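Just so you know, all these numbers are worked out from the coordinates, no wet-lab data involved. Just so you know, these numbers come straight off a predicted model, no measurement behind them. Every residue, glycine as well, gets a Cβ built from its backbone with ideal geometry; the counts of neighbours run over all protein chains shown.
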Amino acid sequence: MDASPRPDVALSPQALARRSHWPRRLPRRLEIPRTSLWFNLEVAAARYPDKAATIFCGQALSYAELKVQAERLAAWLQAQGVGAGDRVALFMQNCPQYLVGFYAISRANAVAVPVNPMNRVEEFGHYITDPGTQVVLCSAELAATVVAANEALPPAQRLKAVLVTRYAESLPAAGIDPDLGVAEPLAQLLQADPVLPAAGYLSRWTQALRNELPLGPHTAGPDDLALLPYTSGTTGLPKGCMHSNATLMANACGGGLWGHASPEAIGLGVVPMFHITGLLYGVLAPVYQGMTLVIMPRWERELAGRLISRYRVTHWTCVPTMIIDLFGSPNYKSFDLSSLVYLSGGGAAMPQAVAERLLQEFGLSFAEGYGLTETAAPSHANPPERAKLQCLGMPIFGVDSRVIDPQTLEEMPIGEVGEIVTHGPMVFKGYWRQPAATEAAFVPIEGKAFFRTGDLGRMDEEGYFFITDRLKRMINASGYKVWPSEVEMLLYKHPAVQEACVIAAKDAYRGETVKAIVVLRAEAKGQTTEQDLIDWAREHMALYKAPKLVAFVDSLPKSGSGKVMWRLLQEKEAG
């Protein structure tokens, strides 16, 4: 869609619509740098050595120091035997060490595997065995989870090493700035020094940074694998999405241009960095731009308001529920949000009433976007100068997106619903060691491979896309994607569960929440309560996946082939 058509080629109405309202200030296609992501940090450290790359609870880390720490950690990784293409997991909350770890992995020519810090022991083992992880970089409160998962595995599959950091290592020497008013639970987490498990393969982060080990050459190129984020699907365990330096670079350099970012911008890093959106806007794009990132370890509305006010934050990518929560603060009118120039996000639709308050009270338009782990975050975005509410936006730089009939693969007329498919420079290379799933994820159209998003939507006459439903079975809880099949597999480990079907239930705050319809084993009836299962789930799976609601039934509806008719239960719940 981005190349100029030949004069003798007539464009279809859909193609004309996709071109009609492209922002005049923006090129349709970018010249994406043919370098590794590590090179972005080298450039930023050379250009802005003394500038703050990150600010964390009052403590700044300069670009020069970020580069030095990443190089020392890269040398430590290589000393553990990590080589080109080897996988290294990142398992921690948002903190400066996350950026140090990511760029150290990149400098060592290895592949980063970001893991949700909410994962429990039973879940974390998959992130060791499936990618063949060699080393884990984790925070101290999660070290016991890593060790327990590792030691439950056969010796041949176990980790070579685990490097443990404390959040306090990035705090000011005098402690957290009291003027920030960090809530006590968060302050305790940041200042904690948990006792580490007695495992000989654990090392301290501070020791690794003091090393003077030799650092081998940086050989990774644009087409080498750089990131293996995991996404769940309709069946089975989470799958790794293979992203190269080039697929990530496309959005790292495009995001700033789209959203008016520059080295003078100040970003708020609150979306979790293990998530593809948080990784893009908290780890990749800020370093490419040379901007400063104010990091929040987790969402806390009062702290967010104070950080935006104090550091004059200009760019904030978030989930709409964060803005709703911020507006719910009794202190929100005292926050100075006047510095914000670009407010964007996705994962859930922005309610019209909240968007109107943003515009009326602060003069801000919320620019919603759309993307998946497979597309390195955005494939679509609303231009901030002409955003539409509850809209995915338009295909961004170099992206060709269409709405097709899921069966015939024919493009749908403007306004009619079909499956959204996408071709672009940020689309992943396939699922890790799953050729069948990779083949099923793409469809050829006009000689190009289009990724099947599994989302149903439509395109209007101005080329903007809207989502209407999902082909894939998925629950969207405050932007967290929950795949029912994964939750069901974990529930089946409970000795009282005979059968389980997980569906979405409406939630006034989260949009959707997780509900489990359960058939108990005969011997468990009258002995196991709904709350028992809820409590068990919270102990054995990430909290965002754990069912908030449980209902017991005598049987689940099944098709003639014996498959559980989850859609029937979902429709009944929606009704």
Here the percent of antiparallel bridges among DSSP beta bridges lying wholly in the range 37-345, to the nearest 5, is 20 percent
Length added when fully stretched, GLU446-VAL43, from 0.36 nm per residue minus Cα-Cα:
141.2 nm
Roughly how many nanometres apart are two label points built 7 Å out from the Cα toward the Cβ at LEU568 and SER12?
3.8 nm
Quote the relative contact order of the range 37-345 in percent (integer), defining contacts as alpha-carbon pairs under 8 Å separated by 6+ residues.
19 percent
Rounded to the nearest 0.05, what FRET efficiency is calculated for GLU356 and ARG29 with R0 set to 45 Å and r the Cβ-Cβ distance?
0.85
Dipole of the chain (Lys/Arg Cβ +1, Asp/Glu Cβ -1, origin at the Cα centre): which of TYR201, CYS138, MET350 lies farthest to the positive side?
TYR201
List the relative contact order of the chain as a percent without decimals, with contacts defined as Cα pairs under 8 Å and 6+ residues apart.
13 percent
Applying 1/(1 + (r/R0)^6) with R0 = 35 Å to the Cβ-Cβ distance of ALA173 and ASP223, what FRET efficiency is obtained, to the nearest 0.05?
0.25
So how far, in whole Å, is the C-alpha centre of the range 34-48 from the one of the range 401-454?
33 Å
Suppose every K and R has +1 on its Cβ and every D and E has -1 on its Cβ; what is the size of the dipole of the chain about the Cα centre, in Debye to the nearest 20?
440 debye
Among bridges DSSP assigns within the chain, what percent are antiparallel (round to 5)?
60 percent
Flagged as over-length at 26 Å C-alpha distance, from LYS333/LYS506; LYS429/LYS481; LYS448/LYS481; LYS481/LYS572; LYS67/LYS429; LYS493/LYS548, the pairs are LYS333/LYS506; LYS448/LYS481; LYS67/LYS429
Relative contact order computed over the range 475-574 (Cα-Cα under 8 Å; 6+ residues apart), in percent:
27 percent
Picking from ALA496, GLN527, ALA477, whose Cα lies most toward the positive end of the charge dipole for the range 475-574 (charges on Cβ: Lys, Arg +1; Asp, Glu -1)?
ALA477
Just the number, please: percent antiparallel of the DSSP beta bridges in the range 1-139, rounded to the nearest 5.
35 percent
Calculated from DSSP H runs of 4 or more alone, at -39500 (n - 2.57) each and per residue, what is the 222 nm mean residue ellipticity of the chain, nearest 500?
-8500 deg cm²/dmol
Candidates per trypsin sites (Lys or Arg not before Pro) in the range 361-456, loop by DSSP, up to 16 other Cβ within 10 Å
LYS429, ARG433
